[in-house]
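Right, I'll just put the structure down here and ask away after.
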Amino acid sequence: MGYTISNLVIDTGGQAGLFGYTDPHTVVENVTVLNVSVNGDGASVGGLIGNSQSEVTNVSVTGSVSGTGDHVGGIIGFKDAGNISNSNATVSVVTEGDNAGGIGGQNFDGAIDNSWAAGSVKATEDVGGIAGENENLGPNEGIIKRSYATSAVTGQKNVGGVVGRNVGKIDYVYAVGPVSSETGAGGLAGSGFI
């Protein structure tokens, strides 16, 4: 049992999504967002959450997400903390900035686990089928595991089927979508290490 929201339209500034910001005490679960259209004039734009520090589990998003700044994702724009698990996104993600992903624009801390992304992702730099950038600077190293992407991924630099720029960990992941970049392209990661 869960919640379904259909045909949601959001056109606003940064930290845009069904939830603009969720704190570490929040759990978002069992939510389906169908045919969403989110446009954020700024950074941290997501189909579900713009800026997340929370636990997110068993969510599904379809539709389109666009922004003018960095950190744009199908589910979460900027994942500052917490985990995403058992979730999926079939979304067209487009931004004029950097750090765009089918699930998260940037995974700064915590896990993306047992999740998948389809659709397309287009940005300038650090562009991935699952996450634009996977970091290791938080208290819990960023990790993408047991997940996959079929997204078409396009950018100018650091473009990967799973993650654009990886300095965290990736485990048991795969990608089958096309990847296009002027420099730094990879089936799994556009740059960094795996």
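The values are calculated or read from the model by the stated rules, or taken from the named source; none is laboratory data. Since the model is a prediction, treat every value here as computed from it, not as a measurement. So basically every Cβ, Gly included, is an ideal-geometry build from the backbone, and we count neighbours across all protein chains shown. Ligands, DNA and RNA are excluded from the accessible area calculation, which covers all protein heavy atoms including side chains. Shrake-Rupley method; radii C 1.70, N 1.55, O 1.52, S 1.80 Å.
For the chain, which whole percent of the accessible surface, found with a 1.4 angstrom probe, sits on carbon and sulfur atoms?
Heavy-atom surface of the chain belonging to carbon and sulfur, 1.4 Å probe: 48 percent.
Follow-up question, since we're still on this one. Taking the Cα centre of the range 86-152 as origin and charging only Cβ (+1 Lys, Arg; -1 Asp, Glu), how large is the dipole, in debye to the nearest 20?
380
Can you give me the long-range amide H partners of Ile170? Hydrogens built in the peptide plane at 1.01 Å from N, cutoff under 5 Å, separation of 5 or more residues or another chain.
Counting only residues 5 or more places away or on other chains, the set is Ile144.
If the cut-off is 15 Å between C-alpha atoms, which aspartates and glutamates fall inside it for Lys169, apart from same-chain ones fewer than 8 positions away?
Asp109, Asp113, Glu133, Glu135, Glu141
Sticking with this one: Under a 5 Å amide H to amide H cut-off, with H placed in plane at 1.01 Å, what residues pair with Ala185 once short-range neighbours are removed?
When sequence neighbours closer than 5 places are left aside, the close amide H contacts are Val159.
Oh, and also: Does the range 136-194 classify as rounded, prolate or oblate by the C-alpha gyration tensor (a ≥ b ≥ c root eigenvalues; a/c under 1.5 gives rounded; else a/b over b/c gives prolate, otherwise oblate)?
oblate
Can you give the FRET efficiency for Ser180 and Arg146, using 1/(1 + (r/R0)^6), R0 = 30 Å, r = Cβ-Cβ distance, to the nearest 0.05?
Once rounded, the FRET efficiency stands at 0.70.
Just want to confirm a number: the relative contact order over the range 1-124, from Cα pairs under 8 angstrom separated by 6+ residues, in percent.
Relative contact order, the range 1-124: 21 percent.
Also: Checking the a/c ratio against 1.5 first, then a/b against b/c, what shape does the Cα gyration tensor give for the range 1-57?
Oblate shape, in that a/c is at least 1.5 and b/c is the bigger or equal ratio.
Sort 167-175, 113-121, 27-35 by the packing proxy (mean of other Cβ within 10 Å over each peptide's residues), most packed first.
Packing proxy ranking, top to bottom: 113-121, 167-175, 27-35.
Got the relative contact order for the range 99-194 handy, in percent, Cα pairs under 8 Å and 6 or more residues apart?
The value is 28 percent.
Through the Karplus equation 6.51 cos²θ - 1.76 cosθ + 1.60, θ set to phi - 60°, convert the phi angles of the range 71-78 into ³J(HN,Hα) values in whole Hz; use x for Gly and Pro.
Going residue by residue, I get 6, 10, x, x, 10, 10, x, 10 Hz, with x marking Gly and Pro.
If you roll a 1.4 Å probe over the heavy atoms of the protein chains, what accessible area per residue do you get for the range 71-112, in Å²?
Ligands and nucleic acids excluded, the figure is 20 Å² per residue.
Assign one of three labels to the range 59-193, namely rounded, prolate or oblate, based on the Cα gyration tensor with a ≥ b ≥ c the square roots of its eigenvalues; rounded applies when a/c is under 1.5, prolate when it is not and a/b is larger than b/c, and oblate otherwise.
Rounded shape, in that the Cα axes give a/c under 1.5.
Roughly how many nanometres apart are two label points built 7 Å out from the Cα toward the Cβ at Asp171 and Gln156?
3.7
While we're here: Sort 69-81, 89-101 for me by packing, meaning the mean count of neighbouring Cβ atoms within 10 Å per residue, highest on top.
Answer by packing, highest mean first, reads 69-81, 89-101.
I've got another one for you. Once phi is turned into θ = phi - 60°, what whole-Hz ³J(HN,Hα) does the Karplus curve with 6.51, -1.76 and 1.60 give for every residue of the range 100-107, x standing for Gly and Pro?
10, x, x, 10, x, x, 9, 9
If you take the charge dipole of the range 1-128 about its Cα centre, with +1 on Lys and Arg Cβ and -1 on Asp and Glu Cβ, which of Ala81, Ser44, Thr57 is farthest toward its positive end?
Selected residue: Thr57.
Let me ask you something else. Quick check on packing: order 52-60, 176-184, 5-13 by the mean number of other C-beta atoms within 10 Å, highest mean leading.
For the peptides 52-60, 176-184, 5-13, the packing ranking is 52-60, 176-184, 5-13.
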